[in-house]
């Protein structure tokens, strides 16, 4: 499907679900962006879920989002259970403004929802020449180190830095693979890799359904478990959102709004060394790139480069949409 | 050896190496702290290295450390090649002051050296009721994803949060094990675990000497590699320190000062939700602790608890010092 056609269709769907024209466009653009980044687990496969939650008033289609300015660096946002895309979009703009003023910005967002990829928001800060750290919590998917039941989400750590060229954006979940990939495998009857998840009895499984009932494995045992816990504290505990496994699963739990928390930290990369920064970051990248390559590698890419290449390539083509999702879309549009 | 005796001896050694009385005491206290935390790789085993570097004027025993205040949240410190303990000690104090004023503090330190454990500094911020992120780079030890040669250090990520009880402090290197552990195994003729390091030909090795000549493995492949890169950018690139593999190895490279960079971010955890914070963090911890335990676990500890238990236990006893280090100490004292 042509991007422009898809965009119109998505806006129409969100508007039918009572979102404002502006909010509908924001959501449509982020969903298309996920598809173009080949992050299909965060794209159209989630459209029906978002709409289902709006219909049940678990996502507020007409949120009154409040921005409380604490000081020139720090703001706190109450998302009023908006769709995550909208509140995070407002939040990153605020974090950018704050850092532009003082060199460092801190924005906490409470009562939000799933916002797609952290890199969506990191990229905006990087394009405004800022360093950024984005944290968000998520529904239970990982067992804390020492436990046999999921509690932490796949809680990503996202870091961006401007390079003057393609943005350096690391966006890494603290699980071995993203939960969205398991969900998508489940939706399309595919298997998941060996060693990334356990079934509910604690046995390794490649069946995505069993993995969803069981628990995913964190990267590097207690290290990944600790990093996931850090993300839960930064995005959930201190912002006043849900935490400690209380963030609701958007697909399975319709007992209330998700209440996801996000935290954005923005830093002016020139704050210490001024204009030299851009020379130094490029020196850094070049030192890495010119290292001797490991077997099977013809070049070393920095985080964000591969995704940027995919985005450019996919932007030239129409977006291919599985029949299952096309059916969902026409049902949603007929509501 | 009694702690008080050891402390006097260490102060004497550092004073003999031209450090001021105050700086000597700071260094002695951090080295003892590493021993009490059972982080022996960061304790007395490094004393000779520090002294060797001072003798060769690669660590400046009389540094003129300059603190440049950029605004009420942000400061930049030029450590003048001081021993890392001293500049990081000053840096964390400044980061605490800044966050106490504005809710968020950012301190970058350039031209510093190895500072022991990140948790030393995180703990100070946490004890002043602040959340803290500490980053430091380190000499080449990890191959970036796609490369077959070391470039990143084991670049730790350290996160601390006050709980009202034992501080929550996650201090995790981005390598599978700490380089200090490999150095110590080498010093004492022990083996290292399988699967944590490669020799210089790219083969897995359990020989610490071969591992030191080769490269260590990052946690979780490209994820850990990306996190190590993030730490290099935050602590090295933006502070104006060395980066991209140019941080000198304190044990092997006497061609100049180490020029390590550190970055501290401090946050008032009550900035968004006020006094409710302490209730929420304890709720969070309790939710994790009461999960059903995995096989082999009788309780779930949060990061920092195990170290705190060790510290309390070891504080009641004398410090046992291997003969090799006792000999080093008496040689250093005789200089």
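Only the coordinates and a few stated rules stand behind these numbers; no lab work does. This one's a predicted model, so the numbers in the text were calculated from it and none came from an experiment. With ideal geometry, Cβ positions are generated from the backbone for all residues, glycine too; neighbour counts draw on all protein chains shown.
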Copy-to-copy label separations for residue A:21, where each label sits 7 Å from Cα toward Cβ, in nm and ascending: 7.7
Please state the Cα pair-distance histogram of the protein assembly as shown with 20 angstrom bins from zero: what percent is in each bin? 18, 53, 25, 3, 0
Number of partner chain Cβ atoms within 10 Å, mean per residue of B:314-326: 0
Hey, could you grab the Kirkwood Rh for segment B:24-177? Inverse mean 1/r over distinct alpha carbon pairs, Å, one decimal. 16.4 Å
If you find the alpha carbon centre of segment A:55-117 and of segment B:288-335, how far apart are they in angstrom? 42 Å
What does the average come to when, for each residue of peptide A:92-104, you count the partner chain Cβ atoms lying within 10 Å of its Cβ? 2
Starting from a label point 7 Å past Cα on the Cβ side, list the distances from residue B:194 to the same position in the other copies, nm, shortest first. 1.7
Using Cα pairs under 8 angstrom and six or more residues apart, how large is the relative contact order of segment B:109-180, in percent? 29 percent
Of the peptides A:159-166, A:75-82, how do they stack up when ordered by the mean number of other Cβ atoms within 10 Å, highest first? A:75-82, A:159-166
Where in segment A:287-328 is the amide nitrogen less than 17 Å from a point lying 7 Å along the Cα-to-Cβ axis of residue A:4? A:315-319
Using the Cα gyration tensor of chain B, the equivalent ellipsoid's semi-axes, largest first and to the nearest Å, work out to 29, 25, 23
Average partner coverage of B:287-296, which counts Cβ from other chains inside 10 Å: 5
Sorted shortest first, the nm distances from the residue B:327 label point (7 Å along Cα→Cβ) to its counterparts in the other copies are 7.8
Percentage relative contact order, segment A:59-217, counting C-alpha pairs under 8 Å, at least six apart: 15 percent
